[in-house]
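The values are calculated or read from the model by the stated rules, or taken from the named source; none is laboratory data. Here the structure is a predicted model, which is why all the values come from computation and not from measurement. Cβ placement follows ideal geometry from the backbone for every residue including glycine, while neighbour counts extend to all protein chains displayed. Just the protein is used for accessible areas: all its heavy atoms, side chains included, with ligands, DNA and RNA removed. Shrake-Rupley method; radii C 1.70, N 1.55, O 1.52, S 1.80 Å.
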Amino acid sequence: METVYQGEIRLNRYLDKEGTPLQAIPQWACEPGWLTDCYRNMVLARALDSKAIALQRTGQMGTYASLLGAEAIDVVCGMVMRQEDVLIPYYRNHASQMLRGMKMEEVMYYWGGDERGNAAAGAGEDFPNCVPIATQSLHACGVATAIKARGEKRVAVTMCGDGATSKGDFLEALNVAGAWQLPVVFIINNNQWAISVPRAIQCGAPTLAQKAIGAGIRGEQVDGNDAIAMREALQLALDRARDGKGPSVIEALSYRLSDHTTADDATRYRENAELKQAWEVEPIKRLRNYLHNNGWWDETQEQSWSQEVNQMVQRAAENYLASDTQPVETTFDYLYAELPDSLREQRDWAQVRAMQGGSHDE
Amino acid sequence: MSDPITMVEAVNLALAHELRSDSNVVVLGEDVGVNGGVFRATAGLREEFGIKRVMDTPLAETMIAGLSIGMASQGMKPVAEMQFMGFIFPALEQIICHAARLRNRTRGRLTCPMVLRAPFGGGIRAPEHHSESTEALLAHIPGLRVVIPSSPARAYGLLLAAIRNPDPVIFLEPKRIYRVAKQPVADNGEALPLDRCFTLREGSDLTLISWGAMVKETLEAAEKLATEDIHCEVIDVATVSPLDKETLLSSVSKTGRCVIVQEAPRHCSVGSEISSLISEQALLDLQAPVGRVSGYDTVMPYYKLENQYLPNVKDIMETVKQTLEFA
């Protein structure tokens, strides 16, 4: 017998939970500029998250999927991707969506039951949120196929959760990405929970990154609570894809500090002790400690940024709450490029019914 | 005059025409490359247009549909082949949850100009899962177009229109008539209209409504009935969703009687929708209940029994006569 293949998955981490370096820090992270911006964005993402949950709890927003605990992963994604790249998100990517051009109130539109959130001009060619699990992985491969066919130096970046890696769509996406060496990066936000199902019983493989090996592409784990490790991994994956060196899988280890969505109650299935432990290693505190230790960030800056962020979020919420409701005919008007004759009667009736105040809850 | 060609050759001709005239058009699917497709619908395309335009994919239907959506969002025009419609089911989530809604859910920011071709229907002694007619499953989905040609000329003109259409089109090819009849088809790049029925034969006594392979038997029945002085109008629905209600209703209003002919099971079918449309909007013009000829509401039998499942000319003639005899 001969060994015909051996693979390995490596985990990268630069900072411990106190923000103390565990190994030599990359040159770019030895200066404050990028990392301070990253920190500010992470704080902003968390403030938006709290606001969205507050709006939901007070009946002013629909079910909302929090990104609490995934701030480093998503902010780094939004900051490292180039504008011409394409983001194919799942439903916990509000931070990268904002950093790539969506307005904060447009993020709120989506969760507030208004399709105009997906229409954001600032989103460019990015896909909107994707609720059906892992289906977006294949769209990313399609985008990457178009990019490759046209010989462009752009990259498709897609994200999913740990549960999504169990789905056929994810595996079919990895397979075609490997077979065609597509310029695509798959980020798995392994936050340890797919609603109530823990990572341990989601999949028998010790890592999710090793699914890449089965598809003939490179895979690695990073500490997703470590912004430096996250940027290193993603930058490398993006550079490789851009240079025609093929796809990558990044399994970013994190912890879902929130419920699955506002419609979920994680206390039904999750030990409080585990959650408490996860808060010890969360990404924002870790980066703040690192910035602090280097003298790049102090309490005054913290307070003033916190105030600024709260004002930004408050303004966005006010804009969101002040938005009108789309007229009912928009339900018809974007279905096809041109309204088919067969739908005219229904569209006309919908308008008449609306004018008469007709509504299910009248 | 161009040489007569079969329907599958007409499909090939349309694909080649669009690959030639629009650099955004690509053909993809299982075995569409070197092999030219299991029915040879893509024969010769890889040789002419190369592997970047005619792509053999890994064997994964969900992936083929999902990939096409991603490509279409970038302004490409993927024409994907599902090898048989019986294998479309893994792709349904992609088709229903994404392709059909991308324009709507982004308020037009992203669109999905893709075509998904699939041979369908019975009558070629194929193995299990290769012979069903499940067009109604897709016709039920808002945002999709479901187009079914019934002749070489309509296959050519409708496929051109489908590829040029800015929205997703499911293009179902009735494989029983892939090679049954030849017809001269000029490769002139002229598309036929979508969302429009084709009136194939005019008549005043009764309207026969059909689509796909059953159009052949429907026309034969109309021909025979004419010798008995029964003059049927024959309409090929062609786009089964969205429906050209106008043409259907005005014909039925004229003739006062109608028989719908389909290969698919009857329950919750395209025929059910057309029948209820006529009942709702042409009741006072009707002189008899709408008649229906269809497959049984059973699992499609294996091929030894498929000819007992598929409707025939006699079934159509009898239902026409019953409908005419209704007081």
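Data overview
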{"item": "Members of segment A:99-117 that are surrounded by 24 or more Cβ atoms within 10 Å (Cβ to Cβ) and either among the acidic types (Asp, Glu) or within 9 Å of chain B (Cβ to nearest Cβ) (or both)", "result": "A:106"}
{"item": "Filtered residues of segment A:196-246 (kept if within 24 Å of residue A:19 (Cβ to Cβ), open to solvent by 40 Å² or more (accessible area, probe 1.4 Å) and among the polar types (S, T, N, Q))", "result": "A:235"}
{"item": "Residue in segment A:81-98 that is within 14 Å of chain B (Cβ to nearest Cβ), under 25 Å from residue A:225 (Cβ atoms) and either touching a Cys at 6+ places or on another chain (Cβ under 6 Å) or modelled with pLDDT under 95 (or both) present", "result": "yes"}
{"item": "The one condition in (1) more than 7 Å from chain A (Cβ to nearest Cβ); (2) in a helix (DSSP H, G or I) that residue B:125 fails to fulfil", "result": "(2)"}
{"item": "Helices (runs of 4 or more DSSP H) contained in segment B:170-284 and holding at least 1 residues open to solvent by less than 50 Å² (accessible area, probe 1.4 Å) and closer than 22 Å to residue B:11 by Cβ", "result": "B:214-227, B:270-281"}
{"item": "Members of segment A:109-140 found to be touching a strand residue (DSSP E or B) at 6+ places or on another chain (Cβ under 6 Å) and not in a helix (DSSP H, G or I), listed by number", "result": "A:125, A:126, A:127, A:134"}
{"item": "Residue list for segment B:20-71, filter: open to solvent by 60 Å² or more (accessible area, probe 1.4 Å), farther than 26 Å from residue B:86 by Cβ and either in contact (Cβ under 8 Å) with a residue 40 or more places away in the chain or within 14 Å of chain A (Cβ to nearest Cβ) (or both)", "result": "B:21, B:23, B:51, B:52"}
{"item": "Residue list for segment A:313-362, restricted to those being in contact with a Leu (Cβ under 7 Å, 6 or more places away or on another chain) and closer than 20 Å to residue A:102 by Cβ", "result": "A:313, A:317"}
{"item": "In segment A:333-361, residue most open to solvent (accessible area, probe 1.4 Å) [restricted to those that are at the interface with another protein chain (Cβ under 9 Å from one of its Cβ atoms) and outside any loop (DSSP other than H, G, I, E, B)]", "result": "A:345"}
{"item": "Any hit, segment A:314-329, residues being outside any loop (DSSP other than H, G, I, E, B), out of contact with any helix residue (DSSP H, G or I) (no Cβ under 7 Å at 6 or more places or on another chain) and surrounded by 15 or more Cβ atoms within 10 Å (Cβ to Cβ)", "result": "no"}
{"item": "Residue tally, condition more than 14 Å from residue A:34 (Cα to Cα), aliphatic (A, V, I, L, M) and in contact with a helix residue (DSSP H, G or I) (Cβ under 8 Å, 6 or more places away or on another chain), over segment A:281-299", "result": "1"}
{"item": "Among residues of segment A:146-168, those that are part of a helix (DSSP H, G or I), open to solvent by less than 10 Å² (accessible area, probe 1.4 Å) and facing chain B (nearest Cβ under 9 Å), counted", "result": "2"}
{"item": "Number of the condition not met by residue B:113 [criteria: (1) open to solvent by 10 Å² or more (accessible area, probe 1.4 Å); (2) in contact with a Pro (Cβ under 6 Å, 6 or more places away or on another chain); (3) closer than 25 Å to residue B:265 by Cα]", "result": "(3)"}
{"item": "Residue check, residue A:204 farther than 17 Å from residue A:42 by Cβ and in contact with a helix residue (DSSP H, G or I) (Cβ under 8 Å, 6 or more places away or on another chain)", "result": "no"}
{"item": "Conditions (1) in contact (Cβ under 8 Å) with a residue 40 or more places away in the chain; (2) touching a strand residue (DSSP E or B) at 6+ places or on another chain (Cβ under 9 Å); (3) away from chain B (no Cβ under 11 Å): number failed by residue A:62", "result": "(2)"}
{"item": "Subset of segment A:8-25 that is open to solvent by less than 50 Å² (accessible area, probe 1.4 Å) and touching a helix residue (DSSP H, G or I) at 6+ places or on another chain (Cβ under 6 Å) - its residue that is nearest to residue A:322 (Cα to Cα)", "result": "A:19"}
{"item": "2 or more residues touching a Ser or Thr at 6+ places or on another chain (Cβ under 9 Å): qualifying helices (runs of 4 or more DSSP H) within segment B:1-114", "result": "B:7-21, B:61-73, B:102-105"}
{"item": "Tally, over segment A:262-313, of residues that are within 21 Å of residue A:111 (Cβ to Cβ) and surrounded by fewer than 16 Cβ atoms within 10 Å (Cβ to Cβ)", "result": "5"}
{"item": "Residues satisfying the stated conditions in segment B:88-106, i.e. more than 7 Å from chain A (Cβ to nearest Cβ) and farther than 16 Å from residue A:140 by Cβ", "result": "B:88, B:89, B:90, B:91, B:92, B:95, B:96, B:100, B:101"}
{"item": "Search result, residues across segment B:285-323 that are over 16 Å from residue B:209 (Cα atoms) and open to solvent by less than 80 Å² (accessible area, probe 1.4 Å)", "result": "B:285, B:298, B:300, B:301, B:306, B:309, B:310"}
{"item": "Tally, over segment A:332-342, of residues that are in contact with a helix residue (DSSP H, G or I) (Cβ under 7 Å, 6 or more places away or on another chain) and either among the β-branched types (Val, Ile, Thr) or over 14 Å from residue B:107 (Cα atoms) (or both)", "result": "2"}
{"item": "Single residue of segment A:26-61 satisfying the filter (open to solvent by less than 50 Å² (accessible area, probe 1.4 Å) and of a type in the set (Ser, Thr, Tyr)) that is farthest from residue A:77 (Cα to Cα)", "result": "A:36"}
{"item": "Lone qualifier among A:193, A:180 - being open to solvent by 10 Å² or more (accessible area, probe 1.4 Å) and at the interface with another protein chain (Cβ under 10 Å from one of its Cβ atoms)", "result": "A:180"}
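Table: residues versus (1) in contact with a Phe, Trp or Tyr (Cβ under 6 Å, 6 or more places away or on another chain); (2) assigned by TED's automatic domain parsing to the domain that holds residue B:218; (3) under 28 Å from residue B:154 (Cα atoms).
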| position | (1), (2), (3) |
| --- | --- |
| B:236 | yes, yes, yes |
| B:251 | no, yes, yes |
| B:255 | no, yes, yes |
| B:258 | no, yes, yes |
| B:277 | no, yes, yes |
| B:290 | no, yes, yes |
| B:304 | no, yes, no |
